[in-house]
Number of protein chains: 2
Amino acid sequence: MASRSTQILEAAARVIARRGVRGLRVEELAAEAGVSTALIYYHFKDRTGVLRQTLEFISGRAERYTADRDPDAPPLAPREELEESLLLELQDTAEVRENSSAWGELRASAVFDEVLREDLARSTLVWVQEVAALLGQVRPTAPAPSLAAAAERLTALLEGLSMRWLSGGVEITHARELMRGAIDAELAGLATPRKN
Amino acid sequence: MASRSTQILEAAARVIARRGVRGLRVEELAAEAGVSTALIYYHFKDRTGVLRQTLEFISGRAERYTADRDPDAPPLAPREELEESLLLELQDTAEVRENSSAWGELRASAVFDEVLREDLARSTLVWVQEVAALLGQVRPTAPAPSLAAAAERLTALLEGLSMRWLSGGVEITHARELMRGAIDAELAGLATPRKN
DNA sequence: TGACACTGACTGAAAATTCAGTCAAACCAT
DNA sequence: ATGGTTTGACTGAATTTTCAGTCAGTGTCA
């Protein structure tokens, strides 16, 4: 059974997914968690404190579902692993939706907030490198810089598609198709090197 | 000479680029435009009205600078026209920066704000179709759905790269290279149809 | 009984929105 | 042309709304 603080953090994740980081109202959070506003301040220093801990809470969850899949099951072919890893972020489940919109919020906020920039850049770099590594497994002969470029494009595209999905511009299934198409195109480009 | 409303919208674009959509204070906008707060409400129904019209204003401007280039100069080859049109959004000039960050904010806000969704979807659709048309000129034999998919990917990627650029994740020159690479890849895919 | 978890009612400040009017230009009948 | 009337653009000063954050307590359980 979740402790009260956890219960509040879970509620916060839901509210953020619904209203955004900058749209989170302490009163709404209290209602969502089924507690009084005062209790929020009892468990967390202030609104910013809630936000900080919620972001940690969310990124903890993200690592979990990205990593999950291991149950000593049939090892995935590199190509499948790549595709799966990218498409994982385009699923219409509460958890992924919450994570994606929080990520989008962070990205958008970072444009106006120096403080967030560094953390965001670091997380992004790690992610890009992971994808580059997966690409490398599918195309072992491709030169590293091409792999890096392809990974940057695929991850940036994923962020773009994610935003469109969340803002109602495209259906999730369509977004997934587009993403698969991009993976195809990038892999084709890596197979037949161009002046890329 | 800009009418008062236009003057206010220009100021709004600047304020949004500086503070974000959700950081826009009516008072700050009034100060930026050099008018009273009440005038804002005289010309626009409410804060949301300002936001909505600013979005239109911005996408109008984007079309303009995308369209500008005509001075009866040497007509561009389709391929160049496509590339130029997309790379136009990745320039480090005040106007483009302003447009891009306002656009990014609007996109991010639309995730949580029903009201902006529709306008945004319409503007996006127009843009995607323009790009699809340009792609069609370069690859006249490609089937329309493939053109549409490629256009969606290229524009979504551009939005993603734009955000990374604005949030300090990549250099503008690198973003441009990545964009060129994506155009190459998509055109290659359209030349040799795949199960895309 | 006292430490802990918790609440309802409240406060102060910041923002959005409205109101009552001013002013200058356009319109128009003489 | 001139005095009277109307109108649209605009403002300063409220008023109202929205929020984060506080406080004085209540219940409870060990």
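The values are calculated or read from the model by the stated rules, or taken from the named source; none is laboratory data. All of these numbers come straight from a predicted model, not from anything done at the bench. Note that each Cβ is placed from the backbone with ideal geometry, even for glycine, and that neighbours are counted across all protein chains shown.
Quick notes on this one:
- Condition met for A:A150 (under 30 Å from B:L116 (Cα atoms), in a helix (DSSP H, G or I) and touching a helix residue (DSSP H, G or I) at 6+ places or on another chain (Cβ under 7 Å)): no
- Taking first residues from the range A:17-33 that are without any contact (Cβ under 8 Å) to a residue 60 or more places away in the chain and partners that are of a type outside the set (A, V, I, L, M, F, W, C) and more than 11 Å from DNA strand D (Cβ to nearest atom), the Cβ contacts under 7 Å between residues at least 6 apart in sequence or on separate chains come to A:E32/A:R14; A:A33/A:Q7.
- Close pairs (8 angstrom Cβ cut-off, 6 or more residues apart or separate chains): modelled with pLDDT of 90 or more in the range B:85-97, among the basic types (K, R) anywhere: B:L87/B:R176; B:L87/B:R180; B:L90/B:R176
- Listed here are the helices (runs of 4 or more DSSP H) enclosed by the range A:6-123 that have at least 2 residues being closer than 24 Å to A:T173 by Cβ and more than 16 Å from DNA strand D (Cβ to nearest atom): A:47-67, A:78-87, A:94-110.
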